[in-house]
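Note sheet for the following structure.
Derivation of every value follows stated rules applied to the coordinates shown; laboratory data play no part. Computed from a predicted model, the values in this text were never measured in an experiment. We place every Cβ from the backbone using ideal geometry, glycine too, and count neighbours over all the protein chains shown.
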Amino acid sequence: MSKVTEKYPLDTHEQRLTVKDPHPRHDTQGDVDEDERLRRAMANFAKNMNRTTATYMEACVHCGQCAEACHYYVQTEDPKYTPIWKLEIFKQAYKRENSPFGFFYRLFGFKRHITVEQLGEWQELIYDSCTMCGRCSLICPMGIDIATLVGQARHGMFKAGLIPDELHEVAQRAKEEGSPLGATASVFEDRAEWMGDEFDTEVNIDQEQADILVAMSSIEIMKYPHAIGATAKVLNALGESWTFRTEGYEATNFGMMAGNTEWQKAATMKIINAAIACGAKLVVLPECGHAYGALRWQGAAMYGKPLPFKVQHISEFLADVISSGRLKVKKVDQTVTFHDPCQVARRGGATEAPRVVMEALGLDLKEMAPTGDFNWCCGGGGGVVTIHRADKLRYKVFELKMDQVEATGADTVLSTCSNCRQSYNDAKEHFHWDKNMESLLELVAENLVE
Amino acid sequence: MELLDFARGPGLQIAVLIFVAGLVWRLVHLFLAAKKSDISEARMGGARAGGLKTIFSRFRHHEPFRERTRNGSVLAYTMHIGLVIVVLGSAPHILFIESFTGLDWTPLPTLVIHLAAAVTVAALLVGLGRRLRHPVLRMISNFDDYFSWLITTLPVVTGLLTVAHVGGRYETLLALHILSFEAFLIWFPFGKLMHSIIVFGSRYTTGITFTRRGAKV
């Protein structure tokens, strides 16, 4: 039986991934006193400190240039959204507790103790106004990967019970039910069967042996289920030995975004174990940015050794099979622009793959400016799209995207991330905007040469 | 003991001792921190080369960032290049370095040094004004930023006063110039001046991480 509370009912009819009952505040979880919250926050921030992150903490010269790369600062000009400022209290704690001259700071009181009130204030900066898109990491003259440090700060905030309620709830649902959106294994099987009928193709589930394990995101399963049929259609057209596995079908990782390493590991291990169980040589991840980072770059660390299979984002897989001539697609007479999901492109290195696919489709691609690795984030990543109180800010930063898209003159935006897609579609509804965001995978599936 | 004797003798010895000890301690502390190995399958090889490349590539912003960072970058480059010219191009400095290392090279013309020093001071002053006025810089700045600014500016200003013989006896001005440099040495390991060393580590680390991923560095 699920242990999930009913405090925040699911809001499945909305475009976005969310729960009901928003209220403006900073949130707390658990019944612990303030000293204990503080101790947990700092201990868990420091626990993950290693040579890399310590070097980053020591390197900042307070040049402030990271602000110029951050969509939150650029759109609001509020200095509190300067990326490195989002880490200020953690930097102070590091200097006081972990730095080489920490004893001086403590002896002379140069760095004051952080208070739990400050941590509460910083909740907005660590969660609501950072998608961990990593644009600031690319501008930093010192080469500091600020997004990684924000992720580390989230570990401390989670352990202290100081994260936004909605994100906590979504992450907890994912842990307890196997999906943040109620896409349980039986729901997934129902939807897979439906999509099999819809696409008139076989959707393989729980094959004992398969070369390829495929996973979906909950957002796709619940909101964009055509992704299931499109994936099956492509893999069947290729004649691949492939399967979904009900013990590891869901690739999103809200534990990672919330800052809970145990939940992150639990979600990752489901896919790893499913892949091992069916002897998969390749795991193909869905159109989901953070799911890609969670398994492709952090999966081995969760597993404790190198993964015994390869991992590809669906766009990389499509680019490979199209480039090798195994998959033929029809030309599409359409003018589009492309939104690069931050975790796949800038943070993941798979920037060219979707362009290979779009070229094969003969699309008239009008690139945004800036594009590719320098693309502006949709504003919904890092769990931000779940946080109601962040809506106003999220819409404000989305105006950047709208301007970018309008400047291209394209009617359709393609992307390879369902989280970006729901952020777009939610903002589209909010602004009564006429631009659609569609899935590159689904476009490929619609235009197979059979 | 005259002030100049102190500056050239025990003062310098103490400053160098603190500089070296602080530097070693700060770097050892970093190296002693646990090393986290990345065991994900690399998309691309040449991670170390990518790390080295990043050390140099981050000297210039990627094109999409240049417009918004132009003022800060111009100021930073003016100040840093000015300092390098003054520190390494001035004949007395070369003599000073030669006395420790045996290395010497041809000094730059005095006029160039004076001009570079003046431009450096101007850049430092504009930089300070910017830090005090720009909402982002004002918010994120702390004691270290302002003290490091002071400790960097003083040797340049006292150097200019010394060569111009303005504000006191030459010996006194020279002593103050050397003492301000010693203050710079003493503060170096404790504050942000260390970025001149740590920058190589942070750029290299990020370069390795994202080169492995095949991502932009």
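Given H placed on each backbone N at 1.01 Å, which residues far from residue A:313 in sequence or on other chains put an amide H within less than 5 Å of it?
A:285
Within 10 Å of each Cβ in B:138-150, how many Cβ atoms from other chains are there, averaged over the peptide?
3
For chain A, just the Cα atoms, rotate onto the principal axes and tell me the three extents in Å, largest first.
Here the Cα extents, ordered largest to smallest, are 75, 50, 40 Å.
If you wrap a convex hull around the C-alpha atoms of segment A:236-390 and split its volume per residue, what is the figure in Å³?
133
For segment A:83-215, state the average projected area of the convex hull of the C-alpha atoms over all orientations, rounded to one decimal in nm².
Its average projected convex-hull area is 12.9 nm².
Lysines within cross-link reach of residue A:111: Cα-Cα under 27 Å, excluding same-chain residues under 8 positions apart?
A:47, A:80, A:86, A:91, A:95, A:159, B:35, B:192
Which of A:242, A:222, A:284 sits farthest toward the positive end of the charge dipole of segment A:176-321, with +1 on the Cβ of Lys and Arg and -1 on the Cβ of Asp and Glu?
Value computed over the given set: A:284.
I'd like to compare A:164-170, B:13-19: which one has the highest average count of other Cβ atoms within 10 Å, and what's the full order after that?
Final packing ranking: A:164-170, B:13-19.
With chain A treated as a Gaussian network of Cα nodes joined by springs under 10 Å, which of A:396, A:305, A:111 yields the largest mean-square fluctuation?
The residue that fluctuates most here is A:305.
Along the charge dipole of chain A, pointing to its positive end and built from +1/-1 on Cβ of Lys, Arg, Asp and Glu, which listed residue (A:50, A:110, A:185) has its Cα farthest out?
A:110
Quick one: grab the alpha carbon gyration tensor of segment A:250-317, order the square roots of its eigenvalues as a ≥ b ≥ c, and give me rounded if a/c is under 1.5, else prolate or oblate depending on whether a/b is larger than b/c.
oblate
Once phi is turned into ³J(HN,Hα) by the Karplus curve 6.51 cos²θ - 1.76 cosθ + 1.60 with θ = phi - 60°, what whole-Hz value does each residue of segment B:90-97 show in order, with x for glycine and proline?
Result, ordered by residue: 7, 4, x, 5, 5, 4, 4, 5 Hz.
Once every DSSP H run of n ≥ 4 in chain A is given -39500 (n - 2.57) and the sum is divided by its residues, what mean residue ellipticity at 222 nm do you get, rounded to the nearest 500 deg cm²/dmol?
-13500 deg cm²/dmol
Give me the net charge for the shell around residue A:69: Cβ to Cβ below 10 angstrom, other residues only, Lys and Arg +1, Asp and Glu -1.
That works out to +1.
Could you give the angle, 0 to 90 degrees to the nearest 10, between helix A:314-323's Cα long axis and the longest principal axis of the Cα atoms of chain A?
Once rounded, one gets 40 degrees.
State the answer as a single residue: which of B:9, B:100, B:34 lies farthest towards the positive end of the charge dipole of chain B, with beta carbon charges of +1 for Lys and Arg and -1 for Asp and Glu, about the Cα centre.
B:34
At a temperature of 10 °C and a viscosity of 1.306 mPa s, determine how fast segment A:176-321 diffuses translationally according to Stokes-Einstein, using the Kirkwood radius over alpha-carbon pairs as Rh; express D in µm²/s, rounded to the nearest whole number.
So the translational diffusion coefficient is about 107 µm²/s.
Please get the size of the charge dipole for segment A:326-446, origin at its Cα centre, with Cβ charges of +1 on Lys and Arg and -1 on Asp and Glu, quoted in debye to the nearest 20. Could you put the intermediate results ahead of the total?
On the way: 16 positive and 18 negative charges, 79 e Å.
Here segment A:326-446 has a charge dipole of around 380 debye.
Quantify how strongly other chains surround peptide A:163-172 by giving the mean number of their Cβ atoms within 10 Å of each of its Cβ atoms.
Across A:163-172, the average partner-chain Cβ count within 10 Å equals 0.
Report for the protein assembly as shown the percent antiparallel among DSSP-assigned beta bridges with both residues inside it, nearest 5. Working shown, then result.
On the way: 2 of 23 bridges.
Around 10 percent antiparallel, to the nearest 5.
Where in segment A:240-292 are there GluC sites (Glu not before Pro) that are in a DSSP coil and have at most 16 other Cβ atoms within 10 angstrom of their Cβ?
Answer in residue order: A:247.
Which ³J(HN,Hα) values in Hz, rounded to whole numbers, follow from the phi angles of segment B:38-46 under the Karplus curve 6.51 cos²θ - 1.76 cosθ + 1.60, where θ = phi - 60° and Gly and Pro get x?
Along segment B:38-46, the couplings run 8, 9, 5, 6, 5, 6, 10, x, x Hz.
Placing +1 at every Lys and Arg Cβ and -1 at every Asp and Glu Cβ, with all other atoms neutral, what dipole size does chain A have around its Cα centre, in debye to the nearest 20?
1940
Amide H to amide H, which residues 5 or more places from residue A:365 or on other chains are under 5 Å from it, using H placed in the peptide plane?
Close amide H contacts, sequence-distant or interchain: A:336.
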